[in-house]
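Here is the structure we will look at.
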Amino acid sequence: MTKLSVNINKIAVLRNSRGGDNPDVLAAAIDAQRFGAQGITVHPRPDERHIRYSDVRAIRKNIQVEFNVEGNCQEQKFIDLVLEVQPHQVTLVPDSAGQITSNHGWDTIKHQDYLKEMVAIFKKVGIRVSLFVDPVEEMVAAAATTGADRVELYTESYAREFMKNRAKAVAPYIIAAEKAKSLNLGLNAGHDLDLSNLKFFKDNIPFLDEVSIGHALICDALYLGLENTIQMYRRRLATTTAAAVVSPS
Ligand SMILES: CC(=O)[C@@H](O)[C@H](O)COP(=O)(O)O
Ligand SMILES: NCC(=O)COP(=O)(O)O
């Protein structure tokens with residue numbers, strides 16, 4: 001079963017835009033769980049443009065589903081926060097401070113020794129480690145040798161190409177996913193997944209452990225309501241259509 005982890009960064013964007021506590025980010029996390037989210041994902045960035053470190057602490061104490069904290073382990077304060085709150089999973093993303101959003105995966109070959117060190121820090125205290133990577137076999141293979149538990153495939157290029165040619169868009173992800181599976185790496189995916197492209201991705205990679213979805217889901221919820229939207233995303237993941245399956249070769 002592929003779990004849906006709801007990324008609530010964008011609820012925090014709205015809250016921060018007026019300086020108060022509306023919408024209540026913690027309440028949103030608790031409600032998302034109640035509405036069917038199988039995980040909650042947050043990405044506290046160094047400038048705290050949306051999720052604040054205080055949000056991470058509060059959410060950890062108040063939800064029962066899996067908690068996934070994403071961020072840049074090149075920031076010591078991020079490492080300290082994760083070790084303090086001990087989420088179920090940390091997803092290491094190679095973002096730099098000025099990025100508007102995450103836009104690339106790790107070069108797990110070039111940063112092999114560094115990532116081995118980082119992965120060991122979190123695994124030592126029992127936190128599952130996922131590395132954010134592009135859909136490239138070699139990057140997946142080198143992620144495995146760092147000792148990481150999972151990779152998260154960065155799905156922006158899939159989402160961008162999906163409407164033009166869905167079979168072509170998903171092909172590299174099938175290859176990368178099969179590589180992860182062959183190396184006994186767990187498999188996550190995320191970034192720009194939405195109601196139109198999610199089912200095809202899942203149909204072609206049925207052994208996907210988790211998708212983390214935020215931007216499109218929260219945008220959909222503005223029109224459809226958060227509970228209804230979460231249920232719609234869950235239904236996209238619940239059924240498999242064999243006819244959709246692509247042969248990547
Ligand atoms: C790592 C990734 O692709 C997303 O989870 C990222 O957290 C989105 O960050 P923003 O919500 O700041 O765009
Ligand atoms: N890791 C991906 C994530 O958490 C949410 O990405 P997006 O759906 O906001 O693009």
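Listed values, structure above:
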quantity	calculated
Long-range HN-HN contacts of K3 with modeled amide H, under 5 Å	E210, V211
Packing-based ranking, highest mean first, of 231-238, 57-64, 2-9 given that Cβ atoms within 10 Å are counted	2-9, 231-238, 57-64
Order by protection proxy (mean Cβ within 10 Å, highest first), peptides 169-181, 77-89	169-181, 77-89
For region 3-244: rounded, prolate or oblate by the Cα gyration tensor [a/c cutoff 1.5]	oblate
Per-pair calculated FRET efficiency, R0 = 51 Å: D113 and L222 via Cβ, rounded to 0.05	0.70
Inverse of mean 1/r across different Cα pairs in region 158-249, Kirkwood, Å	13.7
Proportion of all alpha-carbon pairs of region 36-104 beyond 19 Å (%)	27
Sequence ranges 199-205, 135-141, ranked by mean other-Cβ count within 10 angstrom, highest first	199-205, 135-141
Long-range HN-HN contacts of H88 with modeled amide H, under 5 Å	F67
Förster-model FRET efficiency, 30 Å R0, K124 and K61, C-beta, rounded to 0.05	0.85
When the convex hull of its Cα atoms is projected in every direction, mean area for region 42-153 (nm²)	6.6
Percent RCO, i.e. relative contact order, over region 1-142, from Cα pairs under 8 Å lying at least 6 residues apart	18
Mean separation of Cα contacts under 8 Å, 6 or more apart, over the residue count of region 3-244: relative contact order %	18
1.4 Å probe accessible area per residue over the chain, in Å²	44
Percent carbon-and-sulfur accessible area, region 1-157, ignoring ligands, DNA and RNA, probe 1.4 Å	51
Length-normalised contact order of region 104-189 in % [C-alpha pairs under 8 Å, at least 6 apart]	31
Of I59, G98, F200, farthest towards positive along the dipole that unit charges on Lys, Arg, Asp, Glu beta carbons give the chain	F200
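The values are calculated or read from the model by the stated rules, or taken from the named source; none is laboratory data. Note that the structure is a prediction, hence the values are computed from the model and not measured. As a convention, Cβ positions derive from the backbone with ideal geometry for all residues, glycine included, and neighbour counts pool all protein chains shown. Heads up: the accessible areas ignore ligands, DNA and RNA and are worked out on the full protein's heavy atoms, side chains in. Shrake-Rupley method; radii C 1.70, N 1.55, O 1.52, S 1.80 Å.
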